[in-house]
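FYI, it's all coordinate maths here, none of it is from the lab. On a predicted model such as this, the values are computed, not experimentally measured, just so you know. Heads up, the Cβs are rebuilt from the backbone with ideal geometry, glycines too, and the neighbour counts pull from every protein chain shown.
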Amino acid sequence: MSKNHNKRLINKVALITGAGSGIGRATSLRYAKEGARIIVVDMNIETAEETVKIIKNEINGEAVAIECDISIRETVKSMVKQAYSQFSRIDILFNNAGIGTLSYGELVNISEITWDKVMNVNLRGNWLVSKFVAKRMKKQDLIGELRGKIINNASLLGKKPTSPVGVYSITKASLIAMTRIFAQELAPYKITVNAICPGFMLTGIFMNDERAINEMIRFWGKPILLERTGTAEDVANVMFFLASDDSNYLTGQSISCDGGCTIV
Ligand SMILES: NC(=O)c1ccc[n+]([C@@H]2O[C@H](COP(=O)([O-])OP(=O)(O)OC[C@H]3O[C@@H](n4cnc5c(N)ncnc54)[C@H](O)[C@@H]3O)[C@@H](O)[C@H]2O)c1
């Protein structure tokens, strides 16, 4: 994929959740390099503001930070209201925020607290953001052939649910299902909905720690065909395609970015 940033997202507004770290930050920077204006959403406002600072100082781009815990309905509602009042439209929504490491354990052993926490962020939270954004996106003007694009961050574990990350896998498999349902419901409004399914990327979800990711790969038990763990930038490259006009005829799809993990 081209590294020449030809500003192919110029005049687009992208709202990215979990954008204070890892894949969310890398995608925010990539979109900003392509000319998009970025709404950086995270429950951690300090890291969200750091992302904004990088966009402004290193890319000369435009970005704002909004604090929001996506698992809380009222904060999601007011975050979306604030985003629309500042930018008046959202062209690209990347539902990226998610949690993982909390959820280790066999399903028969995990507590209801763990189940609820992971479900509330990874599934309910992403649904809430889509719900409040889509209500407004449906009423936006068409630009070209679409009103907007929604992309959900699922996982290879959504395609191949694996113990002992069972509850996490269930949320991600459900996100793939939710992607297809929203794609059906929003197609008449010219809104596409797709998912990205990253493999093993060294990010905050693994505490940026090689040992933590290697333990997870051991649970997975199969090789990474391309013989390396992934990076947040590997995902950001595919996310650029999913946000660009080149993917306008794609909806309801779950695109793997996993070095070949899911085909063995
Ligand atoms: N890293 C991987 O290997 C991998 C693989 C597949 C899928 N994913 C998915 O990628 C997404 C991003 O994770 P990452 O790997 O960049 O990890 P990360 O921990 O570096 O980033 C996650 C970000 O989400 C934010 N966040 C967490 N809960 C939130 C909430 N309730 N409300 C708002 N923000 C919240 C965190 O503050 C953090 O900034 C997650 O959905 C994760 O499940 C990651």
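Return the residues of the range 80-90 that are out of contact with any Phe, Trp or Tyr (no Cβ under 8 Å at 6 or more places or on another chain) and buried (at least 23 other Cβ atoms within 10 Å of the Cβ); say none if nothing qualifies.
Within the range 80-90, just A83 meets the criteria.
Output the number of residues of the range 168-188 satisfying the condition of being within 12 Å of the ligand (Cβ to nearest atom) and buried (at least 20 other Cβ atoms within 10 Å of the Cβ).
5
Suppose we keep only residues that are of a type outside the set (D, E, K, R) and free of Cβ contacts under 8 Å to residues at least 60 places away in the same chain within the range 225-237. Which one would you say is surrounded by the most Cβ atoms within 10 Å (Cβ to Cβ)?
Quick first cut of the range 225-237, residues of a type outside the set (D, E, K, R) only: 225-226, 229-232, 235-237.
Narrowing further to those that are free of Cβ contacts under 8 Å to residues at least 60 places away in the same chain: 225-226, 229-230.
Numbers: L225: 13, L226: 13, T229: 18, G230: 21.
Within the range 225-237, the match that is surrounded by the most Cβ atoms within 10 Å (Cβ to Cβ) is G230.
Which one of these does S169 not meet: (1) among the polar types (S, T, N, Q); (2) within 21 Å of G252 (Cβ to Cβ); (3) in contact (Cβ under 8 Å) with a residue 60 or more places away in the chain?
(3)
Please find, within the range 189-219, the residue that is nearest to I143 (Cα to Cα) out of those that are within 12 Å of the ligand (Cβ to nearest atom) and of a type in the set (V, I, T).
Among those residues, the one meeting the criterion is I196.
Scan the range 119-139 and give yes if some residue there is outside any helix (DSSP H, G or I) and within 10 Å of the ligand (Cβ to nearest atom), otherwise no.
Here is the first cut: in the range 119-139, the ones outside any helix (DSSP H, G or I) are 138-139.
Then keep just the ones that are within 10 Å of the ligand (Cβ to nearest atom); that gives none.
No, the range 119-139 contains no residue that is outside any helix (DSSP H, G or I) and within 10 Å of the ligand (Cβ to nearest atom).
Kindly check whether there is at least one residue in the range 231-246 that is within 10 Å of the ligand (Cβ to nearest atom) and hydroxyl-bearing (S, T, Y).
yes
For the range 110-122, indicate whether the set of residues that are farther than 29 Å from A212 by Cβ and surrounded by fewer than 18 Cβ atoms within 10 Å (Cβ to Cβ) is non-empty.
So far as the range 110-122 goes, no, none of its residues is farther than 29 Å from A212 by Cβ and surrounded by fewer than 18 Cβ atoms within 10 Å (Cβ to Cβ).
Does S247 fit the bill of being of a type in the set (S, T, Y) and surrounded by 20 or more Cβ atoms within 10 Å (Cβ to Cβ)?
Spelling it out, it is not the case that S247 is of a type in the set (S, T, Y) and surrounded by 20 or more Cβ atoms within 10 Å (Cβ to Cβ).
Looking only at the range 1-29, how many residues end up being surrounded by 22 or more Cβ atoms within 10 Å (Cβ to Cβ) and either away from the ligand (no atom under 13 Å from the Cβ) or more than 25 Å from G199 (Cα to Cα) (or both)?
Residues that pass the stated criteria total 4.
Among all residue pairs at least 6 apart or on different chains, which show Cβ distances below 7 Å where the first residue, located in the range 66-94, is of a type in the set (K, R) and the second is outside any helix (DSSP H, G or I) and surrounded by fewer than 21 Cβ atoms within 10 Å (Cβ to Cβ)?
R89/Q140
Considering each of I55, I66 in turn, give the residue that is among the β-branched types (V, I, T), assigned to a strand (DSSP E or B) and buried (at least 19 other Cβ atoms within 10 Å of the Cβ).
Values: I55 fails: assigned to a strand (DSSP E or B).
Result: I66 is the single residue among I55, I66 that is among the β-branched types (V, I, T), assigned to a strand (DSSP E or B) and buried (at least 19 other Cβ atoms within 10 Å of the Cβ).
Looking only at residues in the range 228-264 that are of a type in the set (V, I, T) and not in a helix (DSSP H, G or I), which one is nearest to P161 (Cα to Cα)?
Going through the range 228-264, the residues of a type in the set (V, I, T) turn out to be 229, 231, 235, 238, 251, 255, 262-264.
Next, from what is left, pick out any that are not in a helix (DSSP H, G or I): 229, 231, 251, 255, 264.
Details: T229: 19, T231: 21, T251: 23, I255: 16, V264: 14 Å.
My answer is V264.
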